[in-house]
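The values are calculated or read from the model by the stated rules, or taken from the named source; none is laboratory data. The structure presented is a predicted model; accordingly, all values stated were derived computationally and were not measured. With ideal geometry, Cβ positions are generated from the backbone for all residues, glycine too; neighbour counts draw on all protein chains shown. Accessible surface areas use protein heavy atoms only, side chains included; no ligands, DNA or RNA. Shrake-Rupley method; radii C 1.70, N 1.55, O 1.52, S 1.80 Å.
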Amino acid sequence: MKTTTGNRDLTRGEVWKVISRFALPLLIGNLLQQLYNVTDSVIVGQFLGKEALAAVSASFFIYYFIISLVIGIGSGTTVVISQFYGAKRFDKLQKAFSSFFIFMLVAGVLLSIIGIIFAEPMFRLTNTPEEVIPQAVLYFRIYVGGTFLFVTFNSIISILRGVGESVRPMLFILLTTVLNVILDLVFIAVFHWGIEGAARATVIAQGIGMCVALAYINNTHPLLSIKKKDLVFDTGLFKEGLRIGLPTSVQQCAISLGLIALLGIVNSFGTETLTAYGAAGKIDTIIIQAVLTLSGALAAFCGQNIGARRLDRVREGVRFAMLVNVVLGLATFTAIYFFGDTMMLAFTNDPEVIAIGQEYLLIIGGFFIVHGGLNVFNGALRGAGDTLFTMVVSLTCLWLIRIPLAYWFSSIWGRVGIWWAIGASLCIGLAVTYIYYRLGFWKNKGAVREGTSE
C-alpha cells in the first residue's frame with residue numbers, strides 16, 4: 001500500500017533536521033491549541049470579571065480528570081500506529097485507527113453524561129469558593145457536553161502526528177482557534193450570553209474542527225480512512241494499544257486527581273489565589289509548550305525509529321532534544337522575569353491577582369529546564385512503548401512528594417509553599433527518569449518486535 005505524500009518517514013535524514021521539520025508545525029499547532037484554551041479565560045476575565053475567570057479555571061482541572069482515561073489510551077494507540085508505520089506494516093494502520101476511533105466516540109458520549117450529572121458535587125468536593133460555583137457548574141455542563149467532539153477531533157490529530165504528518169493538524173487547530181475566538185467575542189460581547197457563551201463557542205468550534213479533520217482523512221488518507229465501510233473494531237490491535245496506553249491512562253487519571261487535590265489546597269487561599277493560579281497556569285503551559293511539543297515529536301520519532309530498529313537515531317534524537325530544552329528553558333525564564341506581570345494583564349486588571357500570578361510564574365519558571373528535561377525523557381520512553389515506568393514515577397512524585405509537600409510547605413510559608421512543592425517534585429522525577437533511561441530497559445518494550453510475523 002502506498003503512503004500519502006503528507007506522511008513523513010522519520011527514520012531517514014539528519015536527526016536534528018528531521019525532528020525540527022516535524023516539530024515546527026507541531027509546535028505551531030500546539031501553541032494554537034493552547035491559545036484555543038486560553039481564549040475563554042482571557043475574554044471571560046476581561047468581560048465578565050474574576051469570579052467568572054475563577055469558574056473557568058476550576059472547570060479546567062475537573063474536565064482534565066473527566067477525559068484523562070481516554071487521553072492515555074489514545075496515546076498508546078498512537079504509539080502502536082507510529083511503530084507500525086516505521087516498520088512499514090501499513091495493513092495494520094487503518095484497523096488500529098478504526099478501533100481507536102470507535103472507542104473514543106463511545107467513551108466521549110459516556111463521559112459527557114457523567115460530567116453533566118456530577119458537575120456540582122465535583123466542584124463542592126474541591127472546596128471551590130461558594131461565589132464561583134454557580135458559574136462554574138453552568139460553564140462546565142455545556143463544555144463537558146461536547147466531550148465526544150473534543151476526543152474524536154484530538155484522536156484524529158494524534159494519529160496524523162503518529163504517521164509523521166504535522167502540517168495538516170496545525171491547520172485544523174488553527175481553524176478551531178480562530179472560530180473559538182470569533183464565537184467567544186460574538187456570544188459574550190455582542191449577544192451577552194455570559195459564561196455559557198464561552199462554553200458554547202468552544203463546543204461549536206470543536207465540532208466544526210472534527211468534521212473538517214474527518215473529511216480530510218476520509219478523502220486523502222487511504223491508510224486512515226474511517227468511512228462507514230472501514231469501521232472495524234480489531235480487538236487484538238486495541239488490546240495492544242491498551243497494553244501500552246493503560247499505564248498512561250492510570251497515570252493521567254491519578255495526575256488529574258492530584259491536580260484536583262492540589263486545587264483544593266489552592267482554593268483554601270480564596271478566589272484571588274484560584275484566579276491567579278488558573279491564569280498563570282495557562283501562561284506557564286503556553287511558555288513550556290515548545291519543550292512539550294519537542295517531547296511529542298520525539299515520541300513519534302522514537303516510535304518510528306524503534307520500529308525500524310534504529311536505536312542509534314533514538315539516542316541522537318534525545319541528545320538534540322535536551323540541548324534545545326536547555327536553550328528554551330533559559331529564554332523562557334528570562335521572559336517571565338521581565339514580563340510576568342504584563343502577561344497577567346491579559347487576563348485581569350485586579351492588582352492582587354496579578355501579584356499572585358507573577359509570584360507563581362517566577363517560582364515555577366525557575367524549574368522550566370527541569371520540567372522540559374523530564375518531558376524529553378518521557379517522550380523517548382513513550383515512543384518506545386515503555387509507559388509503565390513513567391506512570392510509576394509520575395504517580396510517586398505527585399502523590400508521595402508534591403501533594404504532601406504542598407500541604408506542609410503551605411502551612412509554613414502560605415501559598416508560595418505550593419509552588420515550591422511543584423518544583424521539588426519535578427526535580428526528583430527528572431533524576432529518577434534519567435537514571436532509568438540510561439539503564440536502557442526501554443529498548444525492548446515496543447509493539448513491533450524482532451522476530452514477529454504479524
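A few notes on this one:
- Per the listing Leu160, Leu179, Leu174, the residue uniquely out of contact with any Gly (no Cβ under 7 Å at 6 or more places or on another chain) and more than 28 Å from Ala55 (Cβ to Cβ) is Leu160.
- Gly162 fulfils the conditions (1) at pLDDT below 90; (2) within 30 Å of Leu262 (Cβ to Cβ); (3) open to solvent by less than 10 Å² (accessible area, probe 1.4 Å) except for a single criterion, (2).
- Count of the stretch 254-288 residues, restricted to those that are open to solvent by less than 30 Å² (accessible area, probe 1.4 Å), farther than 19 Å from Ser41 by Cβ and within 14 Å of the chain's Cα centre (by Cα), is 0.
- Residues (outside any helix (DSSP H, G or I) and over 22 Å from Ser98 (Cα atoms)) located in the stretch 229-268: Ser268
- Note on the stretch 216-228: residues that are under 17 Å from Phe100 (Cα atoms) and either under 25 Å from the mean Cα position of the chain (by Cα) or assigned to a loop (DSSP other than H, G, I, E, B) (or both) total 8.
- Yes/no for Glu316 being in contact (Cβ under 8 Å) with a residue 40 or more places away in the chain, over 23 Å from the mean Cα position of the chain (by Cα) and closer than 22 Å to Thr273 by Cβ: no
- Within the stretch 162-195, being touching a residue at least 40 places away in the same chain (Cβ under 8 Å) and in a loop (DSSP other than H, G, I, E, B) holds for Val163, Gly164, Glu165, Ser166, Gly194.
- Any chance Val416 is closer than 29 Å to Val42 by Cα, touching a Cys at 6+ places or on another chain (Cβ under 7 Å) and open to solvent by 10 Å² or more (accessible area, probe 1.4 Å): no
To keep it simple, each residue is scored yes or no on (1) assigned to a helix (DSSP H, G or I); (2) within 21 Å of the chain's Cα centre (by Cα); (3) hydrophobic (A, V, I, L, M, F, W, C).
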residue: Gln34; (1), (2), (3): yes, yes, no
residue: Val44; (1), (2), (3): yes, no, yes
residue: Leu93; (1), (2), (3): yes, no, yes
residue: Phe101; (1), (2), (3): yes, yes, yes
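- Which numbered condition Leu149 misses (of (1) surrounded by 17 or more Cβ atoms within 10 Å (Cβ to Cβ); (2) hydrophobic (A, V, I, L, M, F, W, C); (3) modelled with pLDDT of 90 or more; (4) not in a helix (DSSP H, G or I)): (4)
- Check on Gly76, in a helix (DSSP H, G or I), modelled with pLDDT of 85 or more and open to solvent by less than 20 Å² (accessible area, probe 1.4 Å): no
- Tallying residues that are crowded, with 18+ Cβ neighbours inside 10 Å and without any contact (Cβ under 8 Å) to a residue 60 or more places away in the chain within the stretch 402-413 yields 2.
- Residue under evaluation Leu48, criteria (1) surrounded by 21 or more Cβ atoms within 10 Å (Cβ to Cβ); (2) farther than 18 Å from Leu149 by Cβ, criterion not met: (1)
- Whether a residue is buried (at least 21 other Cβ atoms within 10 Å of the Cβ) and under 30 Å from Lys88 (Cβ atoms) was assessed, and Pro169 passes this test.
- Filtered by the rule that a residue be touching a Phe, Trp or Tyr at 6+ places or on another chain (Cβ under 6 Å), closer than 27 Å to Ser394 by Cβ and either open to solvent by 30 Å² or more (accessible area, probe 1.4 Å) or among the hydroxyl-bearing types (Ser, Thr, Tyr) (or both), the stretch 79-111 gives a lone residue, Ser99.
- Here the stretch 1-32 is the region considered, the condition is being of a type in the set (Gly, Ala, Ser) and at pLDDT below 75, and the residue that is nearest to Ser158 (Cα to Cα) is Gly29.
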